[in-house]
1. What is the fewest-to-most order of 52, 100, 22 by other Cβ atoms lying within 10 Å of their Cβ?
2. Considering only DSSP beta bridges where both residues belong to the chain, give the percentage that are antiparallel (nearest 5).
3. For the chain, what is the calculated [θ] at 222 nm in deg cm²/dmol (nearest 500), taking -39500 (n - 2.57) for each run of four or more DSSP H residues and dividing by its residue count?
4. Could you please report the charge total around residue 105, scoring K, R as +1 and D, E as -1 over all other residues with beta-carbon less than 12 angstrom from its beta-carbon?
5. Residue 233 versus residue 57, label points 7 Å from Cα toward the beta carbon: distance in nm?
6. State the Cα centre-to-centre distance between region 60-98 and region 33-57 in whole Å.
7. What number, in percent, do you get for the relative contact order of region 111-197 if the mean sequence gap of Cα pairs under 8 Å and at least 6 apart is divided by its residue count?
8. Within the set of other residues whose C-beta is less than 15 Å from the C-beta of residue 216, count the net charge using Lys and Arg as +1 and Asp and Glu as -1.
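We did not get these values from a lab; they are worked out from the coordinates using the rules stated. Being a predicted model, the structure only gives us computed values, none of them experimental. FYI the Cβ positions are ideal-geometry reconstructions off the backbone, even for glycines, and counts take in every protein chain you see.
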Amino acid sequence: MIDGVVITIDGPAGTGKSSVASMLASRLVLDMLDTGAMYRALTLQALSHGVSTQDPEAVDRVTRECIVDFDFAVNPPRVLLDGRDVSAAIRSQSVTEHVSHVAAHRPVRERLVLAQRRIATAHPWLVTEGRDQGSVVFPHAPVRIYLDARPEVRARRRCEQLVAQGERVDESVILAAIIRRDALDAGRATGPLRCPEGAKVVDTSDLTQDQVVDRLETIVRAMVGHTLQQRHAQGAAPCA
Ligand code: DC
């Protein structure tokens, strides 16, 4: 009996990790773990207790006992904070503004890393997406992918998102912010962004989303296609 396949997708913001991970998971009939949603859920908890998200002790105090989980029975999975569905609330503007502070706190990261490993034990057929999944959380995952894109492309994608939300944007300001954030990200002490050793790097700059997913599917089938077929043969899930 085979007991699972974890596929990790790391990379900076603006490479389309979440959408691509979700499409890949659907194609391969795997569960998909959106780890950013977990950081967002704890940010919501901190904000709803009125504490500063830049105060590590206060954030720790109000989030320490929280359980962040998912209801995988629905697609996309519902995000649960202490059993309560917070899927919509974690996408609010204020959560988006504060989440990077919360994600920088070491105790928060340590707890969520453990929670992510627990989820993978319960859902071992998994595509998991987030900046540290292959580098820190699942360094022995059989398939580790690192998505990248040129900063100009990531800035343009971000601008398109903001314009679609009705905001006015200056692309050069966004590009400067991305370059600054990349430098901070790579150098930060807790959870720096880095390409996992041995990861397959896919530059998405000149690819459509479908082309990226095609490429990832080819990589996954080449590496663990046999295991996916075995799972199919055991009747657990269809495998296209
Ligand atoms: O992908 P997202 O926008 O939902 O991520 C929210 C924030 O959490 C973003 O600041 C990146 C951070 N994050 C992280 O530090 N580690 C992860 N594994 C996932 C997200």
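1. 52, 100, 22
2. Values: 6 of 23 bridges.
Percent antiparallel among DSSP bridges in the chain is about 25.
3. -16000 deg cm²/dmol
4. Numbers: positive: 61, 64, 106, 109, 111, 188; negative: 55, 57, 60, 110.
Residues close to residue 105 contribute a combined charge of +2.
5. Taking the simple label geometry, residue 233 and residue 57 are separated by 5.9 nm.
6. 9 Å
7. Relative contact order comes out at 32 percent.
8. Around residue 216, the charge tally is -1.
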